[in-house]
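The next block holds one structure in the form of structure tokens; read it before the comments.
The values are calculated or read from the model by the stated rules, or taken from the named source; none is laboratory data. Note that this is a predicted model, so its numbers are computed, not measured. Methodologically, a virtual Cβ is constructed for each residue, glycine included, from the backbone with ideal geometry; neighbour enumeration extends over all protein chains shown. SASA here: full protein model, heavy atoms, side chains in, ligands and nucleic acids out. Shrake-Rupley method; radii C 1.70, N 1.55, O 1.52, S 1.80 Å.
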Amino acid sequence: LQLVESGGGLVQPGGSLRLSCAASGFTLNVYNIAWFRQAPGKEREGVACISKSGGSTKYAEPVKGRFTISRDNAKNTVYLQMNSLKTEDTAVYYCAADQRWGGNVWHRVPYDYWGQGTQVTVSS
């Protein structure tokens, strides 16, 4: 069972990136998916999450209105569209999967599966 992130890279402030989280070896549509990030010297923080059906989403305050999480269960993939990127968005971004829905404490769920991460660097 494997999650693989892609789509990271170097982008200027104000730019956009779309991250993808693809599942290998299992069906993603029975899992809630979250995106986390970790910047150098900082703790890992939750960014956004989406329910199994895609009907519910949650966002961390720093990214509300700029990031959008979505999923395409037919493609077994979850996306994180990141717009109006800021230098403080620079981090390694990870996706995680779990069958438990945490609601407003989604970022505290002990997610069962994690990807290896993809680097996002926002710099001029």
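Apply the Karplus curve 6.51 cos²θ - 1.76 cosθ + 1.60, θ = phi - 60°, to the phi angles in segment 81-91 and return the couplings in whole Hz, x for Gly and Pro.
Once θ is set to phi - 60°, the couplings for segment 81-91 become 7, 10, 10, 6, 5, 10, 4, 6, 7, 4, 4 Hz.
Explain nothing, just the number: relative contact order of segment 37-94, from Cα pairs under 8 Å at least 6 residues apart, as a whole percent.
Working: 62 pairs, mean separation 19.3, N = 58.
Across segment 37-94, relative contact order equals 33 percent.
To the nearest 10 square angstrom, how much accessible area does K86 have with a 1.4 angstrom probe?
Accessible area of K86: about 80 Å².
So for D72, D112, what's the accessible-area order with a 1.4 Å probe, most first?
So the residues, ranked largest to smallest area, are D112, D72.
Distance in nm between label sites at D72 and Q99, each 7 Å beyond Cα in the beta-carbon direction?
2.7
Provide the solvent-accessible area of R66, counting protein heavy atoms only and rolling a 1.4 Å probe, rounded to the nearest 10 Å².
Probe radius 1.4 Å; accessible area of R66 about 30 Å².
Only Cα pairs under 8 Å and at least 6 apart count here; give the relative contact order of the chain as a rounded whole percent.
Relative contact order, the chain: 35 percent.
Could you work out the local net charge near R100, counting Lys and Arg as +1, Asp and Glu as -1, over the other residues with Cβ closer than 11 Å to its Cβ? Mind dumping the intermediate values first?
Values: positive: K52, R108; negative: D98, D112.
It works out to a net charge of 0.
Give me P(r) over the chain, computed from all C-alpha to C-alpha distances, binned every 10 Å, as integer percentages.
Spelled out bin by bin, the chain gives 15, 50, 31, 5 percent.
Pairing rule first: another cysteine's C-beta must sit under 4.7 Å. Under that rule, which cysteines of the chain stay single?
Singleton cysteines: C49.
Across segment 20-33, in residue order, what do the Karplus-derived ³J(HN,Hα) couplings come to in whole Hz, using 6.51 cos²θ - 1.76 cosθ + 1.60 with θ = phi - 60° and x for Gly and Pro?
The phi angles translate into 10, 10, 10, 9, 10, x, 7, 8, 6, 6, 9, 10, 7, 10 Hz.
Which length gain, in nm to one decimal place, applies between S51 and R18 when the Cα-Cα distance is subtracted from 0.36 nm times their residue separation?
The span from S51 to R18 would gain 10.0 nm if fully extended.
Over the chain, with a Gaussian network built from C-alpha contacts below 10 Å, which listed residue (A97, A34, A23) shows the highest mean-square fluctuation?
A23
Ranked from the most accessible area to the least, with a 1.4 Å probe and all protein chains present, what is the order of L80, L10, L17?
Sorted descending by solvent-accessible area, the residues read L10, L17, L80.
Length gain on complete extension for the stretch S84 to R44, per 0.36 nm per residue less the alpha carbon to alpha carbon distance?
Values: separation 40, 0.36 × 40 = 14.40 nm, distance 2.12 nm.
That pair, S84 and R44, stretches by 12.3 nm at full extension.
In nm, to one decimal, how far is the modelled label at L10 from the one at W114, with both set 7 Å along Cα→Cβ?
Roughly 2.7 nm, to one decimal.
So which lysines pass the test for K58, namely a Cα distance under 18 Å, with those fewer than 8 places away in the same chain ruled out?
none
Can you tally the net charge around I50? Count Lys and Arg as +1, Asp and Glu as -1, for every other residue whose Cβ sits under 9 Å from the Cβ of I50.
For residues surrounding I50, the net value is +3.
Per-residue HN-Hα couplings for segment 9-17, Karplus 6.51 cos²θ - 1.76 cosθ + 1.60 at θ = phi - 60°, whole Hz, x for Gly and Pro?
Each residue of segment 9-17 in turn: x, 9, 9, 7, x, x, x, 10, 9 Hz.
Within segment 1-100, report the GluC sites (Glu not before Pro) that DSSP leaves as loop and that have at most 10 other Cβ atoms within 10 Å.
Loop-located and lightly packed - E43.
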